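**Q** A single structure is presented below for examination.
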Amino acid sequence: MLIPHPILGLRDAQEFTYLGDAALIDRPDGLANPEAFHDYLYLRDNPAGIHRELWFHEQGDRSWIVVTRNTVTHEILGAVLAQDVARARGRSR
Amino acid sequence: MRFSALRVFREALTGHKGWTPTWRDPDPQPSYDIIIVGGGGHGLAAAYYLAKEFRRARIAVLERGWIGGGNVGRNTTIIRSNYLLDGNQPFYEFSMKLWEGLEQDFNYNAMVSQRGILNLFHTDAQRDAYTRRGNAMILHGADAELLDREQVRAMYPFLNFDHARFPIKGGLLQRRGGTARHDAVAWGYARGADEHGVDIIQNCAVTGFRIRNGRVLGVETTRGYIGALKVGIAVAGNSSTVMAMAGLRLPIESHVLQAFVTEGLKPVIDGVMTFGAGHFYVSQSDKGGLVFGGDIDGYNSYAQRGNLPVIEDVAEGGMALMPMIGRARLLRTWGGIMDMSMDGSPFIDRTPVEGLYFNGGWCYGGFKATPASGYCFAHLIARDEPHPTAVAYRLDRFRRGAMIDEKGQGAQPNLH
């Protein structure tokens, strides 16, 4: 698979490591809400079809990327920097 | 119809006119006592043991495609019980014991071959770890032998014993481990279940559950609504999508695992062997092909095919272990979809929906578990309590901090 890195262009997926569902960006406060933290840590939607997921460009510029990919065909539909996604969700740093 | 040597002989003399279809092809009835969703190894085994061991009931197995067309037909056929942890080893040893009596039990040749499985180690630390694992196996009633370098050399003289980085220092051998004919396992269970009155309904996809007041009433299918008192789900690979129809989210990601077979070669590997310094394992089929595999691809997938980097990685593992494998030509690669769970261990449990039972999360170890998985799932469905060897396989174990994490990787499914 080739991942369209937002800064570096098409890069081999081998340069990346995979974390999982992009919902992992939104980590709840585990002390305030243990049940929500359990769901965050252990439960996944795991859809057959369009999936937004976190990839880390470990052997490249070491940025986190949110890749939109079809899990049935492996077709990659887009990629954005994870920091842009996080900022759009109100995270400042 | 019972299979026997006498029967084969008689049929040979009478033009093979007496053979009948191995199972019926019935239309679904309006309702059943128990429906098993998923006509793979685990679902068919569950139906077989339900009908044979637990109670007489009206039972159906619903299969979206054809039976045995999923992971039971897409694996590397290895059977073993060489686990470490308390939650796992008694279950897999129970499975091993069922394998040992399986063919007599369901009167079908599943080609169970206890040719031994050898886990190689390459460092002193790894020898310690495998010694510990072997002791755990023996304490749970399984067999294990620690071999030194020369004993391994006597078995497999062609291995790369003096690899500069990963010299072979010995191996942990389970002689009772081995292989089985994967398709025949599904067929044998299907035939046995059918003989005990189970309706095996193929080309019948479940499209939804009918649930009222927290209780399952039946399933919607492409062949109409079918009522049921109890519904068991055994659809590993697709567990998340099926259980989502009942409103449940699972501690599972679906991943693709590739496997490989070479052209047919003369006999060279008479057992099963695993490389301890990378993820590579190999055995030789009765047709002569070297059957091998390695890591999952590592990203969510329902595609039943993988990508080239893992093929390269597996080939590198093979070359490091037995350089002569480089002369063999790869005949075929394929991929299966695994339920990768959050701790690398499976689930056989009730669900929050009354009457709905779940079997899944087998990661890439489902084939060897087939008999015990079916037996324990049948036990759970029939008696509403878990089988003693499967008590740890609960869906709520993460909430309780009772993970069964053989590799100690944490909640990262692609690392198990």
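**Q** Is at least one residue of the range B:6-14 over 21 Å from B:GLY208 (Cα atoms) and assigned by TED's automatic domain parsing to the domain that holds B:THR207?
**A** Within the range B:6-14, not a single residue is over 21 Å from B:GLY208 (Cα atoms) and assigned by TED's automatic domain parsing to the domain that holds B:THR207.
**Q** Moving to a separate point now. Given the structure, is B:GLY134 outside any strand (DSSP E or B) and in contact with a strand residue (DSSP E or B) (Cβ under 7 Å, 6 or more places away or on another chain)?
**A** So B:GLY134 passes the test.
**Q** If you don't mind, there's one more thing I want to ask. May I ask you to verify whether B:TYR299 is buried (at least 19 other Cβ atoms within 10 Å of the Cβ), among the aromatic types (Phe, Trp, Tyr), over 13 Å from the mean Cα position of the chain (by Cα) and within 14 Å of another protein chain (Cβ to nearest Cβ)?
**A** On the way: buried (at least 19 other Cβ atoms within 10 Å of the Cβ): yes; among the aromatic types (Phe, Trp, Tyr): yes; over 13 Å from the mean Cα position of the chain (by Cα): yes; within 14 Å of another protein chain (Cβ to nearest Cβ): yes.
Against the criterion (buried (at least 19 other Cβ atoms within 10 Å of the Cβ), among the aromatic types (Phe, Trp, Tyr), over 13 Å from the mean Cα position of the chain (by Cα) and within 14 Å of another protein chain (Cβ to nearest Cβ)), B:TYR299 qualifies.
**Q** Working only within the range B:303-318, note down all residues that are open to solvent by 60 Å² or more (accessible area, probe 1.4 Å) and in contact with a Phe, Trp or Tyr (Cβ under 9 Å, 6 or more places away or on another chain).
**A** Answer for the range B:303-318, where residues must be open to solvent by 60 Å² or more (accessible area, probe 1.4 Å) and in contact with a Phe, Trp or Tyr (Cβ under 9 Å, 6 or more places away or on another chain): B:GLN304, B:ARG305, B:ASP313, B:GLU316.
**Q** Given the structure, is A:ARG91 modelled with pLDDT under 95, open to solvent by 20 Å² or more (accessible area, probe 1.4 Å) and among the basic types (Lys, Arg)?
**A** yes
**Q** Let me ask something additional. Any idea which of (1) under 24 Å from B:PRO323 (Cα atoms); (2) in contact with a helix residue (DSSP H, G or I) (Cβ under 8 Å, 6 or more places away or on another chain) is the one B:MET111 doesn't satisfy?
**A** For B:MET111, the failing item is (1).
**Q** Being at pLDDT 95 or above, under 30 Å from B:ASP384 (Cα atoms) and of a type outside the set (Gly, Ala, Ser) is the requirement here; does B:VAL152 meet it?
**A** Working: at pLDDT 95 or above: yes; under 30 Å from B:ASP384 (Cα atoms): no; of a type outside the set (Gly, Ala, Ser): yes.
So B:VAL152 does not fit the description; no.
**Q** Hey, another quick one. Taking the range B:367-384 as the region of interest, how many residues are closer than 17 Å to B:ILE36 by Cα, among the small types (Gly, Ala, Ser) and buried (at least 23 other Cβ atoms within 10 Å of the Cβ)?
**A** 4
**Q** Something else: Any idea how many residues of the range A:63-74 are open to solvent by 50 Å² or more (accessible area, probe 1.4 Å), under 25 Å from A:ILE7 (Cβ atoms) and within 10 Å of chain B (Cβ to nearest Cβ)?
**A** Number satisfying all stated conditions: 0.
**Q** Which ones in the range A:16-62 are among the aliphatic types (A, V, I, L, M), more than 8 Å from every other protein chain (Cβ to nearest Cβ) and part of a helix (DSSP H, G or I)?
**A** A:ALA22, A:ALA23, A:LEU24, A:ILE25, A:ALA36
**Q** If we scan the range A:28-47, do we find a residue that is touching a residue at least 60 places away in the same chain (Cβ under 8 Å) and open to solvent by 30 Å² or more (accessible area, probe 1.4 Å)?
**A** Checked against the condition, which is being touching a residue at least 60 places away in the same chain (Cβ under 8 Å) and open to solvent by 30 Å² or more (accessible area, probe 1.4 Å), the range A:28-47 yields no hits at all.
**Q** Filter the range B:198-252 down to residues that are of a type in the set (Lys, Arg) and open to solvent by 60 Å² or more (accessible area, probe 1.4 Å) and give me whichever is nearest to the other protein chains (Cβ to nearest Cβ).
**A** B:ARG249
**Q** Are any residues in the range B:85-130 among the polar types (S, T, N, Q), open to solvent by less than 50 Å² (accessible area, probe 1.4 Å) and outside any strand (DSSP E or B), and if so, which ones?
**A** Correct list: B:ASN88, B:GLN89, B:SER95, B:ASN107, B:GLN126.
**Q** If B:ASP343 satisfies every condition in (1) open to solvent by less than 10 Å² (accessible area, probe 1.4 Å); (2) part of a helix (DSSP H, G or I); (3) not hydrophobic (A, V, I, L, M, F, W, C) but one, which is the exception?
**A** All conditions are met except number (2).
**Q** Let me ask something additional. Would you check if B:TYR130 is aromatic (Phe, Trp, Tyr) and not assigned by TED's automatic domain parsing to the domain that holds B:TRP187?
**A** So B:TYR130 passes the test.
**Q** Just for the range B:385-416: of the residues that are within 13 Å of chain A (Cβ to nearest Cβ) and not in a loop (DSSP other than H, G, I, E, B), which one is surrounded by the fewest Cβ atoms within 10 Å (Cβ to Cβ)?
**A** B:LEU415
The values are calculated or read from the model by the stated rules, or taken from the named source; none is laboratory data. What you see is a predicted model, and the numbers here were worked out from it, not measured in a lab. Ideal geometry is used to build each Cβ from the backbone, glycine not excepted, and the neighbour counts take in all protein chains shown. All accessible areas refer to the heavy atoms of the entire protein, side chains included, with ligands and DNA or RNA removed. Shrake-Rupley method; radii C 1.70, N 1.55, O 1.52, S 1.80 Å.
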